[in-house]
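Below you'll find the structure, written out as structure tokens, and then a few comments.
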Amino acid sequence: MKLRTLACLIAAALIAGCAQPATDTAAPSTPAPAAAASAATIDEAEAARLAERVKQETQHAWQGYKRYAWGRDALKPLSKSAHDWYPHSLLMTPVDALDTLLLMGLKTEADEARELIATQLDFDRDMYVQNFEVTIRLLGGLLSGYQMTGDERLLKLADELGTRLLPVFDSPTGLPYTHVNLRTGKTRGKVSNPAETGTLLIEFGMLSKLTGKPVYYDKAKRALVETYNRRDPKTGLVGSAIDVESGRWTDTGAHIGGGIDSYYEYLYKCWRLFGDAECKTMWDQSIVGVNRHLSDEVRDRELWYGHADMATGQRTATRYGALDAFMPALLALGGDLDRARRLQDSGAKMWRLHGIEPESLDYAKLQVTSPGYALRPEIVESAYYLHVLTGDPKYRAMGREFFEDFVRHCRTEAGYAALKDVTSKQQDDSMESFLFAETFKYYYLLFAPAQTLDFKAVTFNTEAHPLRLPAAKPQ
């Protein structure tokens, strides 16, 4: 079978064909009462209306990007200008947005994004890029875009990018350096973290399956194993910063937030996607320590996950935030629905304090410690996973509450703006590409019919790019 033909068959299954059942002292704003929001039900007609609204808001943000930032990495929605991460654009927003546009059936927007990517994206640039972000956003987006369209130009770009990123793994430990020059292959950044060293196997592994080149899987798998092997033998926890040349921890703070979060995510998801039994074993060993030392109960059995020292397990901070809110989804995917439900309820409580979630909260005191909101998707991701895996209508109702607040406080004339402060709702001139890749996608999937995407057949990378096996292989 021709490579393109097989890829197109996968595309059809992905898009439509595999239905499965399924700190400021300002006073908080007044959100909807928690009990009423949780108890409300949403019928299929209301869900369809909400899905259409999400699609319309996605179009609104995309048109703002197209008008004011076309060909650039991201839109600055308040100044109606553009932002690039590096000296040359890598088309972060179009690549991140492509599979979302396809899932929503926005053919015109998807076609224009795909053509821009295929004709203008150039990786032969003498500039250093961050391996982690480029991998999850660009490599992940190119691979999912290829699987959903069969456009071999996207796979060719992914293969080229993967080759240019490979030098990051050439450290004495196999743990990747943080940055690489796309043209010269020179590397830098020897102090990294578990998220950056352990969140690569889904993307590099899929690239390996699609190209038949084992080097991609082998290098990323080694990095994940080497990260796991440096966990504390007593607690099973990993720290916040590691020297990739010596393999020594430079920060022993343990948590599930940014810098560690997706390491745990990939331990389970690499088992789910590839059937890699070693990943499942590493997950099974790791989640025990996470639940034992990081989970925390306060007040009336509210479940949170805080910070501890990786060597002792001793609590160091009662801090939870927008990035931590991915954990209910991961717990649910791993089968622990009780913890997942309880933790999502805590996340909803965090959101309702000010009508939108902060970057970080001291959950013991219910005080905001970092007041920004970067348009993050994780709490919506968890609502989506719980909706799919439990069928409980409360999670669609919860998602509706989140979406209404999100639109109310973040919508602008040109798109969507992050917030500098959730207490004052002051907007920030930033619209990251993950707004399309993750936030809009998870809102849409939460409300859309089950047949929109076969949840059982795909695995989302940490940027919400859906990937699936069996992958197309060259003949």
Inset, instruction - For region 275-334, state what percent of all Cα-Cα pairs lands in each successive 5 Å bin, counting from 0 Å until the bin that includes the largest distance. - result: 4, 15, 23, 26, 18, 9, 4, 1
Inset, instruction - For residue 218 and residue 392, compute 0.36 nm times the residue count separating them, minus their Cα-Cα distance, and round to one decimal in nm. - result: 58.7 nm
Legend entry - Mean ellipticity per residue at 222 nm, deg cm²/dmol - from DSSP H runs of n ≥ 4 across the chain, formula -39500 (n - 2.57): -14500 deg cm²/dmol
Inset, instruction - Compute log10 of I(q)/I(0) for region 126-238 with the Debye formula, placing one identical point scatterer on every Cα and leaving out solvent, at q = 0.17, 0.24 Å⁻¹, to two decimals. - result: -0.77, -1.34
Legend entry - 12 Å Cα-Cα reach of residue 190 towards aspartates and glutamates, excluding residues that sit fewer than 8 places from it in its own chain: 170, 243, 245
Inset, instruction - Express the accessible area of the chain per residue in Å², computed with a 1.4 Å probe while the remaining protein chains stay in the model. - result: 36 Å²
Legend entry - √(5λ) per eigenvalue of the Cα gyration tensor, region 204-362, largest first, Å: 28, 19, 14
Legend entry - Distance between region 172-208 and region 312-342 - C-alpha centres, whole angstrom: 26 Å
Legend entry - For region 349-425, alpha-carbon Rg relative to the globular expectation (2.2 N^0.38 Å, N residues): 1.14
Inset, instruction - Please compute the Cα-Cα pair-distance distribution of region 127-184 with 5 Å bins starting at 0, giving whole percents from short to long. - result: 4, 21, 26, 22, 14, 9, 3, 1
Inset, instruction - With label points built 7 Å along Cα→Cβ from the Cα atoms of residue 337 and residue 111, find their separation and express it in nm. - result: 4.3 nm
Inset, instruction - Any chance you could run the full-extension gain for residue 292 through residue 278? It's 0.36 nm times the residue separation minus the Cα-Cα distance, nm to one decimal. - result: 2.8 nm
Inset, instruction - Enter the per residue convex hull volume of region 182-271, computed from alpha-carbon coordinates, in Å³ rounded to the nearest integer. - result: 109 Å³
Inset, instruction - Find the Rg to Rh ratio for the chain, where Rh is the Kirkwood radius over alpha-carbon pairs and Rg uses the same atoms. - result: 0.94
Inset, instruction - Return the tail of the calculated pair distribution for region 77-179, meaning the percent of Cα-Cα pairs more than 19 Å apart. - result: 45 percent
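Here is the link list: 76/425; 76/441; 76/221; 76/280. Which ones come out longer than 29 Å on Cα distance?
76/221; 76/280
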Inset, instruction - Taking every pair of alpha-carbon atoms in region 381-432, give the share separated by more than 13 Å as a whole percent. - result: 63 percent
Inset, instruction - Give me the distance in nm between label points sitting 7 Å out from Cα along the Cα-to-Cβ direction at residue 451 and residue 67, one decimal. - result: 3.6 nm
Inset, instruction - Once you have the Cα-Cα distance between residue 190 and residue 420, take 0.36 nm times their residue separation minus that, and quote the gain in nm to one decimal. - result: 79.7 nm
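Averaging over every viewing direction, what projected area does the convex hull of the Cα atoms of region 384-475 cover, in nm²?
Averaging across all directions leaves 8.3 nm² for the Cα convex hull.
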Legend entry - Anchor residue 394: lysines whose Cα lies under 18 Å away (excluding residues fewer than 8 positions away in-chain): 349
Inset, instruction - Mind computing the radius of gyration and Dmax over the alpha-carbon atoms of region 287-429? Å is fine for both. - result: 15.2, 50
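The values are calculated or read from the model by the stated rules, or taken from the named source; none is laboratory data. As the structure is a prediction and not an experimental result, all values here were calculated from the model. For neighbour counting, all protein chains shown are included, and Cβ atoms are generated from backbone atoms with ideal geometry for every residue, glycine included. Just so you know, the surface numbers come from the protein's heavy atoms only, side chains and all, with ligands and any DNA or RNA stripped out. Shrake-Rupley method; radii C 1.70, N 1.55, O 1.52, S 1.80 Å.
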